[in-house]
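Since the structure comes first, as structure tokens, the remarks are kept for the end.
The values are calculated or read from the model by the stated rules, or taken from the named source; none is laboratory data. It should be emphasised that the depicted structure is a prediction, and the values quoted were computed from it without experimental measurement. Every residue, glycine as well, gets a Cβ built from its backbone with ideal geometry; the counts of neighbours run over all protein chains shown.
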Amino acid sequence: MTAGPLLLFAGACLGAGIVLGPRLPRLWLGLTLAGAAAVLGVALRALGGAGEWEWRSAFPVGGEPLHLRLDGISALFLVLLSVVGAAGAIYACEYWADGRYPASAPRGRMWWSALVLAMGFVLLSSNGLHFLIGWEVFTLSAYFLITLERQRRDVRAAGWLFLAASHAGTLCLFAFFAALAARSGSWDLGPMRDHAELAPLFWLLLLGFGVKGGLFPLHIWLPSAHASAPSHVSAILSAVAIKMGIYGLVRFSGWLPVPAAAGWVVIGLGAIGAVLGIAFALAQDDLKRLLAYCSVENIGVIVIGLGAALLGVTHGDASWGRLALAGALLHVWNHGLFKALLFFGAGAVLHATGTREMSRLGGLWRAMPWTAGLFALGAAAISGLPPLNGFVSEWLVFLGLFDAVAGRGPAAWAAMLAAIMLGITGALALATFVKAGAVVFLGAPRTKPAARAHECGTLMRAPMLALAGACVAIGLAPVLFWPAVARAVVAWHPAWAAADVPVPLATLGPVHVLLAAAFVAAAAWLGRKAHANGLRRALTWDCGYALPTPRMQYTGGSFAGIGSGWFFWILQPERVVRRPRGPFPAHASRMERVPETVLERVIEPAGAVVLRVSTAVRRLQHGRLQFYIAYVMMGLASLGLVVWWGGPR
């Protein structure tokens, strides 16, 4: 079956899910899985070499004929959308069931189908007007999913911030597509690299797509939206929705000419965003907010690869640009897989304990061994540790940057600095997830809800197992996934013909297999040894305390104190300390909050100034005609003075 009928079938399934989902949850799940399977089949065929698919309608939609296009780039993103869309739908059936959320669960199913359908339409759309329509439907669907618990004030605030930031980005995109249509004479989209006059439009698309992608410092909506949304919604927002911004940057930087400075700006923004994103993550006590800031970090990693690719094109189609872009595109998949896994794990913790605060958790591995193990695997993958998928894509980006440095060309310094900052990012990511895993799952329960925690059910566990299996598969056999990524690279820049598997990548798979085998063998040997000799439980060194309590454990703040101190200048933590007094103090406390610096220290003060000015100007509109005439006369007099002053003498 060709791509057209399969995509029509997928659209019909998701459209039916919008209508039937609120009342028929089981039918909705079946329709969602069927639609996702159809999209996955179409995308895999395109990445497998079936070629580009294109279709134009014979009838206009909104005054323009519908134009859909499927190539290597859109297929790569469609694979991620179908996998996470299906996994999240299964997870939601238990996590956000009608029994616990009778009012919002039906709405959630409807908006989930609308979100997946709208994102799929955006990935296929090749008309600027229809792209904007799909983009707006995608934004509104995401807003209604974020605010499913709209009775909570913080959720409403997060939703409004997301909507405001998204529409600011959409305004830039509207200006971009309108200018593109005005200069090209059509809303139709496609390759236009030979139109050099379109290059300045790149800055508009960088702003518009950068907001949706969570590119630092345009990420202001992301931490609160991802933390406040239901966990399955957080998963698809982080794994797929923010990748729509990356898709826009990749798509239009491949179709259109870009300014000479674009590569330098993009790689710089990516490097800064990667380091500062993980620095903010390290300082968090809210588990889901920590994961949200890690999305900012990983978007930075992807953008580093894209920036290196733009530099490679600028400097003679250098092969190192192809490697960096391949790493960035593979990291789109990898981040989507392990970030959805981590948000599902955080959702299982929230489902079992009722809290996201890591300082109120601890010891959960005893009650939740499956969740703890799968979260640990996702944490190792996002930290870039072998033999998992995160290492593979980051290693490809590193290879591209190293080759650029070895070439000693004009881009060598930028590549070297980006590689150094990428290395710092990896170290901080490892520290962040050692902190998260240890504080949440190890030690003793800090509160009664943590002590009463329970493992999640099959419908929540199965998607986590599937995503974990995908992380392992890419890590152990990266060669199998190289052709798909290479086709996406060729779709971005046809001059980079599909290349053979890079030698380092070809050797990486066997090395990872050996590492995994050694790990499994060591774990089996230790298990047999422990079973044969028996286990004895005893207290660890207690620092002189005969009866240690959970309050004596390390907290997330104390664990990350040194690392957070390095970034005090950007984190600007707010602390409230109540020191112990007297020889036998009864009370002492220390509270610390890390603000969203860009939002609270820059955007909100600037907005307050604008509001004060607009309020003052509004006082001039008092309804008195004589004053309006005076305003006009003063304006004409001022204009006359300007003309007189600037005229010939």
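Quick rundown of the values:
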quantity: Counted residues, the range 459-496 - those being in a loop (DSSP other than H, G, I, E, B) and either surrounded by 15 or more Cβ atoms within 10 Å (Cβ to Cβ) or without any contact (Cβ under 8 Å) to a residue 60 or more places away in the chain (or both); calculated: 4
quantity: Set 308, 376: member being crowded, with 24+ Cβ neighbours inside 10 Å and not assigned by TED's automatic domain parsing to the domain that holds residue 213; calculated: 308
quantity: Test: residue 181 is in the same structural domain as residue 105 (by TED's automatic domain parsing), surrounded by fewer than 16 Cβ atoms within 10 Å (Cβ to Cβ), part of a helix (DSSP H, G or I) and among the hydrophobic types (A, V, I, L, M, F, W, C); calculated: no
quantity: Filter result (among the aromatic types (Phe, Trp, Tyr), outside any loop (DSSP other than H, G, I, E, B) and more than 15 Å from residue 33 (Cβ to Cβ)) within the range 87-110; calculated: 95
quantity: Subset of the range 319-362 [under 14 Å from residue 448 (Cα atoms) and over 22 Å from the mean Cα position of the chain (by Cα)]; calculated: 352, 353, 354, 355, 359, 360, 361, 362
quantity: Test: residue in the range 18-29 that is in the same structural domain as residue 186 (by TED's automatic domain parsing), buried (at least 23 other Cβ atoms within 10 Å of the Cβ) and not in a helix (DSSP H, G or I); calculated: yes
quantity: Within the range 337-355, tally of residues that are part of a helix (DSSP H, G or I), out of contact with any Asp or Glu (no Cβ under 9 Å at 6 or more places or on another chain) and surrounded by fewer than 24 Cβ atoms within 10 Å (Cβ to Cβ); calculated: 1
quantity: Residue check for residue 414: more than 24 Å from the chain's Cα centre (by Cα) and within 22 Å of residue 296 (Cα to Cα); calculated: yes
quantity: The one condition in (1) in a helix (DSSP H, G or I); (2) surrounded by fewer than 24 Cβ atoms within 10 Å (Cβ to Cβ) that residue 210 fails to fulfil; calculated: (2)
quantity: Single unsatisfied condition, residue 332 versus (1) touching a residue at least 12 places away in the same chain (Cβ under 8 Å); (2) surrounded by fewer than 24 Cβ atoms within 10 Å (Cβ to Cβ); calculated: (2)
quantity: The range 223-242 residues that are in the same structural domain as residue 461 (by TED's automatic domain parsing) and more than 14 Å from residue 155 (Cβ to Cβ), paired with ones that are surrounded by fewer than 24 Cβ atoms within 10 Å (Cβ to Cβ) and modelled with pLDDT under 90 (beta carbon under 8 Å, 6 or more apart); calculated: none
quantity: Some residue of the range 69-83 being farther than 22 Å from residue 255 by Cβ, at pLDDT 90 or above and either in a helix (DSSP H, G or I) or within 23 Å of the chain's Cα centre (by Cα) (or both); calculated: yes
